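Structure first, commentary second.
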Amino acid sequence: MKIRVWGARGSVPAPGPEMVRYGGNTSSVQLLLDSGEQLLLDSGTGIRTLGLSLAAAPRVNILLTHLHLDHIQGLMFFPPCFRSDAEIAIWGPASPEASLEDRIARYISAPLSPVEVRELPCSVSFRDTPPSRWRIGSATVVCEAVNHRGPTLGFRITEGDTTVCYIPDHEPVLGTELADLDPEWISGYDLARDADLLIHDCQYADEEYPAHIGWGHSGMSDALTFASRVGARRVLLFHHDPLHSDSFLDRLRGTARRRWEELGNDPALVEMAMEGGELEVAGTALPAGVPA
């Protein structure tokens, strides 16, 4: 699988001269399968530029973890939405409150938008997605609810022997000691187990997290402890706080690598997500009993 990050920021876009290298766009990741199918993970503001890069007559699947604004704000500016030859399937968390289409229409409608969902010229379908498993092209997609405010999914995408897990907004700890919890009490544990690449929330430095318990995001050490507990082979720390400058994230990266090494892992295999960054992920055969 090939991955490109189009937006790695959380909460709100953060443009400016101090945010150039890690970028200011919110959550948007493109995953290209060996079969040629592509999955777009979330539709933050980074999806606008992603859409400009797509070929004619695109067929895309957008997997939404949840409907907070920083994960859907780019939909209204996604160029394929305004092309009659585009086929777009949008997968997102089910809710008893309203359908996925109706909930997204609250954003793509007056007074927040000059157009309505029903006016989009593309062929678009909305797939309310409870925790489940399905196929897209050559990949198996598994989603589960994870601990974040409001209905929120994490995704596990497997093609052949390669698995990528995407959990950009996640608070598995909630003030407890993650290292001491049994696996069945850890949100997202089975979803992320033995992933070749785990893309995971790391919004806060450790000293910031105590002031944000219950906000739905992870401190750096908790994110890495989670990654180590699930046996992730490679970690991409994601959803950077809008106040964190390039220099701050450089320091956080250094701290994360030291912490990852203390946990018994290769420090070269943990990185901070960077807008424009590209990765190729190769897998290994999964142990018996691990979900594909």
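The values are calculated or read from the model by the stated rules, or taken from the named source; none is laboratory data. Computed from a prediction, not measured in an experiment: that's the story for all the values here. All Cβ positions, even for glycine, are placed from backbone atoms using ideal geometry, and neighbour counts span all protein chains on display.
So, residue 23, is that one of a type outside the set (Phe, Trp, Tyr), buried (at least 18 other Cβ atoms within 10 Å of the Cβ), within 17 Å of the chain's Cα centre (by Cα) and within 21 Å of residue 205 (Cα to Cα) or not? The answer is yes for residue 23.
On the stretch given as segment 70-81, residues that are touching a residue at least 40 places away in the same chain (Cβ under 8 Å) and either surrounded by fewer than 16 Cβ atoms within 10 Å (Cβ to Cβ) or out of contact with any Pro (no Cβ under 9 Å at 6 or more places or on another chain) (or both) total 1. Could you tell me whether segment 171-191 includes any residue that is buried (at least 21 other Cβ atoms within 10 Å of the Cβ), touching a strand residue (DSSP E or B) at 6+ places or on another chain (Cβ under 7 Å) and at positive phi? Yes: one or more hits. If the condition is being within 18 Å of residue 234 (Cβ to Cβ), of a type outside the set (Asp, Glu) and crowded, with 20+ Cβ neighbours inside 10 Å, then segment 140-167 contributes 154, 155, 156, 157, 158, 162, 163, 164, 165, 166, 167. Those strands (runs of 3 or more DSSP E) of segment 23-134 in which at least 2 residues are polar (S, T, N, Q), considering only elements entirely within it, cover 28-32, 123-129. Among the residues of segment 252-270, those identified as aliphatic (A, V, I, L, M) and either in contact with an Asp or Glu (Cβ under 7 Å, 6 or more places away or on another chain) or closer than 16 Å to residue 197 by Cβ (or both) are 256, 268, 269, 270. Scanning segment 255-275 for residues that are in a loop (DSSP other than H, G, I, E, B) and small (Gly, Ala, Ser) gives 264, 273. Looking across segment 234-269, the residues that are surrounded by 15 or more Cβ atoms within 10 Å (Cβ to Cβ) and among the hydrophobic types (A, V, I, L, M, F, W, C) come down to 235, 236, 237, 238, 248, 249, 252, 256, 260, 263, 269. Out of 132, 84, 99, 113, which single residue is surrounded by fewer than 17 Cβ atoms within 10 Å (Cβ to Cβ) and either at pLDDT 95 or above or among the aromatic types (Phe, Trp, Tyr) (or both)? The match here is 99. Residue 235 meets each of the listed conditions (1) under 18 Å from residue 163 (Cβ atoms); (2) touching a Gly at 6+ places or on another chain (Cβ under 8 Å) apart from (2).
Across segment 225-263, the qualifying residues are those that are of a type in the set (Gly, Ala, Ser) and under 16 Å from the mean Cα position of the chain (by Cα), and the one among them that is farthest from residue 168 (Cα to Cα) is 232. In segment 270-284, the qualifying residues are those that are small (Gly, Ala, Ser) and crowded, with 17+ Cβ neighbours inside 10 Å, and the one that is nearest to the chain's Cα centre (by Cα) is 273. The set of residues in segment 195-217 being charged (D, E, K, R) and crowded, with 24+ Cβ neighbours inside 10 Å consists of 201 alone.
For segment 144-172, a residue qualifies if it is touching a Gly at 6+ places or on another chain (Cβ under 8 Å) and in a loop (DSSP other than H, G, I, E, B), and the qualifying residues are 146, 147, 148, 149, 152, 160, 161, 168, 169, 170, 171, 172.
So that you can scan it fast, the table gives a plain yes or no per residue for (1) in contact with a helix residue (DSSP H, G or I) (Cβ under 6 Å, 6 or more places away or on another chain); (2) modelled with pLDDT of 95 or more:
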| site | (1), (2) |
| --- | --- |
| 3 | no, yes |
| 7 | no, yes |
| 23 | no, yes |
| 34 | no, no |
| 40 | no, yes |
| 44 | yes, yes |
| 53 | no, no |
